[in-house]
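Visitor: Below: one structure in C-alpha cells.
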Amino acid sequence: MNKPTVNSEHNFERHSERHSEQDAELAMNDGPAAFPDGPPGWPLPNEEILASLNAAYASGDWGKYHGEGIAKVERCVQKLTQQEHARLCSSGTIAVELALRAAQVEPGDEVILAGYDFPGNFRSIEACKALPVLVDVELDTLAPSAAMIQSAITPQTKAILVSHLHGGLAAMEQVAGLAKENRIMLIEDACQAPGAIVDGQPAGSWGDICVLSFGGSKLLTAGRGGAIATNHAGCIQRAKIFADRGNDAFPMSELQAAVLPCQFESLAKQNAQRQKNAALLTAALSTAFSNEQNSWAIRPLDRADSSSNLPGYYKYSMLLHPERFDAGARAECVNAIRAEGIAFDAGFRGFVRRGSRRCRKIGDLANAQLLSEFGVILHHPILLTENESSIAIIADRILRVTNAIARQAS
Ligand SMILES: *Cc1c(COP(=O)(O)O)cnc(C)c1O
C-alpha cells in the first residue's frame, strides 16, 4: 500500500471516467480497480523540503547535536498548540511517556484512558508502572465524554490521557474543565490532528501537556519524531530530566527537524483541503446511511459539525453495521476496498479485551468494543486530492463493496 509512486491527478481522472458507469465490475469480482496505480503515496514530493535538506547540508547543521533546526521546530510547535514551551523527541510514542513523566505519573497511580486508543498509549502508562483505567468513547467524537471520565476518577487518578482519533475530536472544553476542577493533569494527544480546531481552539491547546507525532505516515512528518508542549515550565523540566542520560536519550535530529518548518506552514491549507474532501465523502456516505434505515452497510463517523470543530484527518473513520458483518466480513471488506486501490484499513484493536490485572474497566466499554470490531478507516493522502470525482468514486466503491459483502453475510 505504501507504494513510492505518487499518482497524478491525471491518473485519477483517466480511470474515474472509465468506471463511472453504475454497473462497473468491482475488483473483488475480477473487475478493474478504481485506482489501478494504488493510493497516492506519502509524503508527497515537495520542493521546499528538498530545499530545506539542502540548506541543512550547506550549513552543516545536519550533522550537529545542536543546530538551529530543533529550536525552529520547537517554535512551530509552540505556535501551533498555543503552549509556551515545547520539547522535541524521537517519536509520538515516547512523547506520550514523557508527558506522563512530566505529569508526575508514578507507580500505583491511575491514568484514565479511552478503551479505544492508539496501542502505545496503554503501554506508555504501563511503562510508568501506573494503571490504565479504561472508559468508553462516544461514537460521534471517538473519545470519552467528560461524564464518562468523571465516573472513573478516584483519589489515585493522576492524569487523563485523551486522543483526537480518526477525524473525531474529544470534547476538550468540558474535559479540560473537569480535569481542572479535580486538579488532575490532562494530556491531550494531538498526534492525529495537528492544526485541528476543537471547541474553537487549536488541538493541543487544551491539555496541560500536548503530544504530537512526526512519524512517517502522519500529517506532519520527519519520518520519525515527536513533541510535547505545555504552559508549565516544571513539566518541561521534568521531561528534560527524565530524558537526560548524560545526553538526550530520545532525541530528534537536526536532519529530521530540517524538513518540518515548511510543513507547519502549509498545514492549515492542507487541513482545509482534507476537511473539504472529508465533507464530500461524509455527504456521499450519509445519503445511503439515512435512506436505508436499518439496512445500511456502512456509516460515516465524522464530526465536522460547526466552525468551532474542524477535525484533523489523519484517518477518516466509518463503522460497518454490527449486525450485518462479523470479523471475517470486515477483513473481506478491507481487502476488497484495498483491491480498488484505496488505502482502507480496520481501526485499532482497542483495549476492551485486556485482562483485569493490567487495567481497570469502567462499564461495558460498548462503543470501544464496537469500534474495535466494526470500525474501518481511510488513510489521509487521498483527502488532499483536488479532483472531486476521486472522492465520489471512493464513496461509490466503499458503498458497493460493503453492501455486496453485507448481503453475502445475511
Ligand atoms: C501515531 C500516534 C502516536 C505515536 O506516534 P509515533 O510517532 O508513531 O510513535 C500516538 N498517539 C496517536 C493517537 C497516534 O496516532
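Visitor: Measuring from label point to label point, each 7 Å out along Cα→Cβ, what is the GLU181 to ARG357 span in nm?
Guide: The modelled label-to-label distance comes out at 3.7 nm.
Visitor: Could you give the length gained by full extension between THR154 and ASP345, i.e. 0.36 nm per residue of separation minus their alpha carbon distance, to one decimal place?
Guide: Taking 0.36 nm per residue and subtracting the Cα distance, the gain is 65.1 nm.
Visitor: Could you tell me the relative contact order of the chain? Use alpha-carbon pairs under 8 Å, at least six residues apart, and round to a whole percent.
Guide: Dividing the mean separation by the residue count of the chain yields 22 percent.
Visitor: Another one. What nm distance separates the two modelled labels at ASN294 and GLN201, each placed 7 Å from Cα along Cα→Cβ?
Guide: Using points 7 Å along Cα→Cβ, the separation is 4.3 nm.
Visitor: In nm, to one decimal, how far is the modelled label at GLN174 from the one at ALA283, with both set 7 Å along Cα→Cβ?
Guide: About 2.9 nm separates the two model spin labels.
Visitor: Which one, GLN82, GLN275, GLN237, has the greatest fluctuation when you compute a Gaussian network model over the chain with C-alpha springs under 10 angstrom?
Guide: Ranking GLN82, GLN275, GLN237 by mean-square fluctuation puts GLN237 first.
Visitor: Still on this structure, I have one more. Setting aside same-chain residues fewer than 8 positions from LYS180, which lysines have a Cα under 18 Å from its Cα?
Guide: LYS158
Visitor: How about LYS269: which lysines have a C-alpha closer than 24 Å to its C-alpha, ignoring those fewer than 8 places off in the same chain?
Guide: Those lysines meeting the cut-off are LYS72, LYS79, LYS218, LYS315.
Visitor: Taking the chain as a Gaussian network, where each spring joins two C-alpha atoms under 10 Å apart, which residue of GLU181, GLU254, GLU97 fluctuates the most?
Guide: Between GLU181, GLU254, GLU97, it is GLU181 that shows the largest mean-square fluctuation.
Visitor: Quick one: which residues, 5+ away or cross-chain, put their amide H under 5 Å from the amide H of LEU131? H built at 1.01 Å from N.
Guide: Answer set, sorted by chain and number: GLY108, ASP109, GLU110, VAL111.
Visitor: Relative to the first principal axis of the alpha-carbon coordinates of the chain, what is the inclination of helix 233-243, with its axis defined by its Cα atoms, in degrees from 0 to 90 and to the nearest 10?
Guide: Around 80 degrees separate the two axes.
Visitor: Ok, one more. What's the angle, to the nearest 10 degrees (0 to 90), between helix 69-81's Cα axis and the longest principal axis of the chain?
Guide: Approximately 70 degrees, to the nearest 10.
Visitor: What relative contact order, as a whole-number percentage, does region 184-304 give when Cα pairs under 8 Å and 6 or more residues apart are counted?
Guide: About 17 percent, as a whole number.
Where a number appears in this text, it was derived from the coordinates with a stated rule and is not lab data. It should be emphasised that the depicted structure is a prediction, and the values quoted were computed from it without experimental measurement. All Cβ positions, even for glycine, are placed from backbone atoms using ideal geometry, and neighbour counts span all protein chains on display.
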